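Enquirer: What follows is a structure written as structure tokens; I'll ask about it next.
The values are calculated or read from the model by the stated rules, or taken from the named source; none is laboratory data. Nothing here was measured: the structure is a model prediction, and the numbers come from that model. Cβ atoms come from the backbone with ideal geometry, glycine included; neighbour counts cover every protein chain shown.
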Amino acid sequence: MMVDNSGTKISQLCVVALIGKSTLFEQQCNKSWKFNQLIQTPAFKEHVITNTEDDFEHYYDHINNTIYVHLRSFHDTYQLLNLIDNIHEDTSMQNFAQLWENKQANFIKKCLICFLLSHIIVISHSSHTFDLNYLRFFRIIELLRHKSKPAVLEAIRSLNLLKDADIFLNDGRLCVPRALFIFENHHKGNDAPGNNDRDDDPKSVNMARNLENIIFNALRCSYIISNQTNSALFTIAHKQPFVFIHRCYKEAASLGQTQKLLGILQDFVKQTKESSCNTNLLNRASSQQQDDSSAFKRFLFRHVEEALTDGWSNDGISGGARSESSSFELCTYTTWTRLFNSLRDLFESSNKALRQAFNMLRANVDPDGKLSETRCKKCLPMAIKYYEDGLPSRYTRHFHEQRLQAATEFFATYARGSSYKRYVQQLIDQCTRLWQDGRQLCEAISLTRNPCKNELHRVLGEEDLSESANLAHLPVRAHNSKVQFMAASNCGQILQEREDPFSLKEANYEFYQDVNKMLSVKPIYFEFPIFRGTTTATEAIRAGSKQKTEEKNANLVNDLSGASELSQSKSVALYSPAPNEEQQALDNITGEKTDATQLVTCTDDVQPIPSTTEYLDGMTHSDSPPGLLPRFSSWSLCCIGRASDYVSTKGLQQPGFLTNLNHLIPWDINPHNNQASTNNPGGGGAAQYHQQRPTATRSYKHNRRGGQSSSIWDVTIRAYIGCEYECPRGHRFLCSSPNHVIRVGPTGVPKDDGAKLVRSDMPLYTPCSCRVMSTGARVWAQLMRAYVVTPSTSTPIQCVLHPQVIPAGPNSPTFFPSYTQPIHLTEDSIWVLRFPFIYHDGERALSRPQNEEDISQCLVLRDLFSWTNKS
């Protein structure tokens, strides 16, 4: 804000500029009060903040031909408080070191304007001691003056002042200004000085002389002043006093700003206390201020009168005459305002000629920052090299973050200062660009928790539409973790390497479909219900009727009856007959012409009506919505031959089985017990079926142990069952009970029977005999297949499969095929139920737990094998 009290503006004027610091005390919190007392007018606002930036205000005293200029800055208490408020409220001011550097640089630029356009520089101190930081401050201003001199002269010439005002500014300034130093000697309470004339106060006089000696010696030793006054930043009076001490009275309760600053440092609570004191103290303070004001006016106007008459003729160390080359120009108010506005615009603009000078300024304003900048710039390439040492060709984000953390710690060992955060961010950015420039792995996680080892790529069908444009440059390829397993086909007749799956369909469906194509003779499969989306909603509702149910059951019977199309050879193989040969194939199995509906019986409980618009993302389980089907079946049930093709002394003739661990367990069934299945021709629903099972088991145990029954009750029917486990290395073995492999005698006859297997919950995972060579850790095998060799058609029973799996402990849902009812198998056949390789609940894959205690709770529930009487 400019304050103008102009009379005539054509007189030659002396310009007095006030810079420096103010105290923290309430009454002197802005140094402009010194000018207000001097001119006896509140021309300068002491407690009003008009701008957060450093700014000027001036007053034209036409009576004394003087212009008073006051530079507001963050060294004034009120400006400092406002700056702290902005730091607290403005999130953009987080880097205090950078903010403080900018404030100091702006302050020095505007101080230079005062040194260029002033005759007298009044430097205010907030105490009675000389601040040696001013020495560095003066050197920076002098360096900036030399760097910016060409641009300043160019700006002055553009004003044509030589023609208009007849002044010469060959050095880019009005004169070499004279510096005056004002100090404040604070008193409080009864320690305040008396009412004597300050000129007669020996303490004040001696203090001023001592300060003059200290300042003179400090300026001389630092080469800020010399006999060459024309090149100096400023001069000091040789035979006149240049130090003035204000006697400031400090009331007991006048520490409002100090307490406010302390409150900010503690918890950003700012409270300003109003000054309060008794009448006697105010009267004493008022009399002292009036006395100091008169003394300060006499002190200052000696120098003003000298400037208006002769200029500085004897300044310097020895008080020699002014050099002829030096200029001392007085100017009018109009000329001065033109010069002031021109230089102010110059220093606030982004002038190319001043860019180098401003860069130098920032380097000198903050020497600690300059040291930090130099140190960080030197350490940054070392940290990047530390990151690059030993890098693989491609690596994951986790590995990148580990190396980046190590590189950051290495950088922090040597880098220091305010530039640290900025260069750490550069380190992070450069290392990240290095990683993303052809070294980035795909990092898609397989269902067995292995990362993809390919470079970052796209997979057709998996692109996100929102990111498709950003990923268009990436190659298209399938995921590959470089991990391979050995796995058998659905029927177990082929052992084949398989890739680590990244999708549920790849894990439980596509691999087995591809291997199935390699078979010369294909098994006949039971078709589990899947989502097809072809029926209308009306047809889905009608499916609940009885007629629709019978048609559905007949179609399902035909699908299962096709599984009995067995070859006449002894080998375990199937052939695919022509449609007109289907009934003949069924006759070959049963030995007689039989209605197809009697070969496989489905329960009367129908499946929930499937949705034709929604499907399951994962697999069917106990928590999945009813009526929703998966898009593919993760289970497989197939018939691989006739019962006569299995030789109990030889076992299963398939690859991958460990020695003597390929024998199915005999299961002797006594059909003549008190089982109530005879009253249920269709086998009953799932609930009734489970109610009948314990009775059948107890009767079987009683009949096995009892010896008093008649011969008809001693008749048993033999079937063969088995649970096959498969490890990732392709080792296969059968278990007779939980965590116990089958025992075989010397003649190849199994020593175990199927009773315990039928009654037990089998573990989903069990240890294999192989181990990891590098660590010695055990390898876990997973239950993958269940075998049933059903008895002949002449028997009165029918074998039933009802698989239910808890794959991840008691908190996980129970998984089962999409056909939720117990599956009744055809007679005189070898059936193989292949379990899923991966269990997925629609949100995540339920992998094998790492804790062995949790592994023991992953179960295939009992009643996997059961039987029921034929109708």
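Enquirer: List every residue pair whose Cβ atoms lie under 6 Å apart, where the two residues are 6 or more positions apart in sequence or sit on different chains, the first residue falls within the range 106-120 and is on the phi < 0 side of the Ramachandran plot, and the second residue, located anywhere, is surrounded by fewer than 21 Cβ atoms within 10 Å (Cβ to Cβ) and outside any helix (DSSP H, G or I).
Expert: These pairs meet every condition: 106/54; 107/54; 110/54.
Enquirer: Filter the range 287-315 for residues that are over 16 Å from residue 182 (Cα atoms) and among the charged types (D, E, K, R); which is modelled with the lowest pLDDT?
Expert: Step by step, filter the range 287-315, then rank; the result is 315.
Enquirer: Take the residues in the range 812-871 that are outside any strand (DSSP E or B) and of a type in the set (Lys, Arg); name whichever of them is nearest to residue 447 (Cα to Cα). Show your work before the answer.
Expert: Looking only at the range 812-871, we keep the residues that are outside any strand (DSSP E or B), and these are 812-814, 816-822, 825-828, 835-839, 841-844, 846-858, 861-864, 870-871.
The next check asks that each one be of a type in the set (Lys, Arg); those that pass are 844, 848, 862, 870.
Working: 844: 9, 848: 11, 862: 27, 870: 42 Å.
For the range 812-871, the residue satisfying everything is 844.
Enquirer: Find all pairs meeting these conditions: Cβ atoms under 6 angstrom apart; at least six residues apart or on different chains; first residue within the range 395-411 and more than 17 Å from residue 442 (Cβ to Cβ); second residue assigned to a helix (DSSP H, G or I) and among the aliphatic types (A, V, I, L, M).
Expert: Hits for this filter: 407/383; 410/383; 411/383; 411/427.
Enquirer: Does residue 629 satisfy being modelled with pLDDT under 95 and crowded, with 21+ Cβ neighbours inside 10 Å?
Expert: Values: modelled with pLDDT under 95: yes; crowded, with 21+ Cβ neighbours inside 10 Å: yes.
Taking the combined requirement at face value, the residue satisfies it.
Enquirer: What are the pairs, 6+ residues apart or on separate chains, where a residue within the range 752-778 that is in contact (Cβ under 8 Å) with a residue 12 or more places away in the chain and assigned by TED's automatic domain parsing to the domain that holds residue 740 has its Cβ under 9 Å from a residue that is surrounded by fewer than 15 Cβ atoms within 10 Å (Cβ to Cβ) and among the β-branched types (Val, Ile, Thr)?
Expert: Note: pairs meeting the criteria are 767/779; 768/779; 769/779; 770/779.
Enquirer: Identify all residues within the range 780-834 that are farther than 27 Å from residue 666 by Cβ and crowded, with 23+ Cβ neighbours inside 10 Å; write none if there are none.
Expert: Selection gives 807, 815.
Enquirer: Moving on to the next point. Given the conditions (1) assigned to a strand (DSSP E or B); (2) closer than 19 Å to residue 637 by Cα, and given that residue 780 satisfies all but one, which numbered condition is not satisfied?
Expert: So the condition that residue 780 fails would be (2).
Enquirer: Now for a different question. Yes or no: residue 792 part of a loop (DSSP other than H, G, I, E, B) and either out of contact with any strand residue (DSSP E or B) (no Cβ under 6 Å at 6 or more places or on another chain) or modelled with pLDDT of 95 or more (or both)? Step through it out loud before you land on a result.
Expert: On the way: part of a loop (DSSP other than H, G, I, E, B): yes; either out of contact with any strand residue (DSSP E or B) (no Cβ under 6 Å at 6 or more places or on another chain) or modelled with pLDDT of 95 or more (or both): yes.
Yes.
Enquirer: Kindly indicate the residue of the range 349-386 that is small (Gly, Ala, Ser) and out of contact with any Pro (no Cβ under 9 Å at 6 or more places or on another chain) and also surrounded by the fewest Cβ atoms within 10 Å (Cβ to Cβ) among those meeting that condition. Talk me through it step by step, then tell me what you get.
Expert: As a first pass, look at the range 349-386 and keep what is small (Gly, Ala, Ser): 349-350, 353, 357, 363, 369, 372, 383.
Checking which are out of contact with any Pro (no Cβ under 9 Å at 6 or more places or on another chain) leaves us with 349-350, 357, 363, 369, 372, 383.
Working: 349: 10, 350: 7, 357: 20, 363: 14, 369: 18, 372: 20, 383: 27.
Looking at the filtered set, the residue picked out is 350.
Enquirer: Has the range 509-523 got any residue that is under 38 Å from the mean Cα position of the chain (by Cα) and in contact (Cβ under 8 Å) with a residue 12 or more places away in the chain?
Expert: Step one: list which residues in the range 509-523 are under 38 Å from the mean Cα position of the chain (by Cα), which gives 509-511.
This time we only want the ones that are in contact (Cβ under 8 Å) with a residue 12 or more places away in the chain, so: 509, 511.
Looking for residues that are under 38 Å from the mean Cα position of the chain (by Cα) and in contact (Cβ under 8 Å) with a residue 12 or more places away in the chain, one finds at least one in the range 509-523, hence yes.
Enquirer: Quick check: anything in the range 218-227 in the same structural domain as residue 303 (by TED's automatic domain parsing), surrounded by fewer than 17 Cβ atoms within 10 Å (Cβ to Cβ), closer than 19 Å to residue 295 by Cβ and in contact (Cβ under 8 Å) with a residue 40 or more places away in the chain? Steps first, please.
Expert: Taking the range 218-227 first, the residues in the same structural domain as residue 303 (by TED's automatic domain parsing) are 218-227.
Filter again for surrounded by fewer than 17 Cβ atoms within 10 Å (Cβ to Cβ), leaving 218, 220-223, 226-227.
If we keep only those that are closer than 19 Å to residue 295 by Cβ too, we end up with none.
No, there is no match, as no residue in the range 218-227 is in the same structural domain as residue 303 (by TED's automatic domain parsing), surrounded by fewer than 17 Cβ atoms within 10 Å (Cβ to Cβ), closer than 19 Å to residue 295 by Cβ and in contact (Cβ under 8 Å) with a residue 40 or more places away in the chain.
Enquirer: Determine which member of the set 803, 746, 796 is out of contact with any helix residue (DSSP H, G or I) (no Cβ under 8 Å at 6 or more places or on another chain), over 22 Å from residue 619 (Cβ atoms) and in contact (Cβ under 8 Å) with a residue 40 or more places away in the chain. Write out each step before concluding.
Expert: Values: 803 fails: over 22 Å from residue 619 (Cβ atoms); 746 fails: in contact (Cβ under 8 Å) with a residue 40 or more places away in the chain.
The unique qualifying residue is 796.
Enquirer: Right, another one. Does residue 327 qualify as being more than 21 Å from residue 62 (Cα to Cα), modelled with pLDDT of 65 or more and either assigned to a loop (DSSP other than H, G, I, E, B) or within 60 Å of the chain's Cα centre (by Cα) (or both)?
Expert: On the way: more than 21 Å from residue 62 (Cα to Cα): yes; modelled with pLDDT of 65 or more: yes; either assigned to a loop (DSSP other than H, G, I, E, B) or within 60 Å of the chain's Cα centre (by Cα) (or both): yes.
Taking the combined requirement at face value, the residue satisfies it.
Enquirer: Looking only at the range 481-527, how many residues end up being among the hydroxyl-bearing types (Ser, Thr, Tyr) and in a helix (DSSP H, G or I)?
Expert: Going residue by residue through the range 481-527, those that are among the hydroxyl-bearing types (Ser, Thr, Tyr) are 481, 489, 503, 509, 512, 520, 525.
Then drop every residue that is not in a helix (DSSP H, G or I), which leaves 509, 512.
Counting residues in the range 481-527 that are among the hydroxyl-bearing types (Ser, Thr, Tyr) and in a helix (DSSP H, G or I) gives 2.
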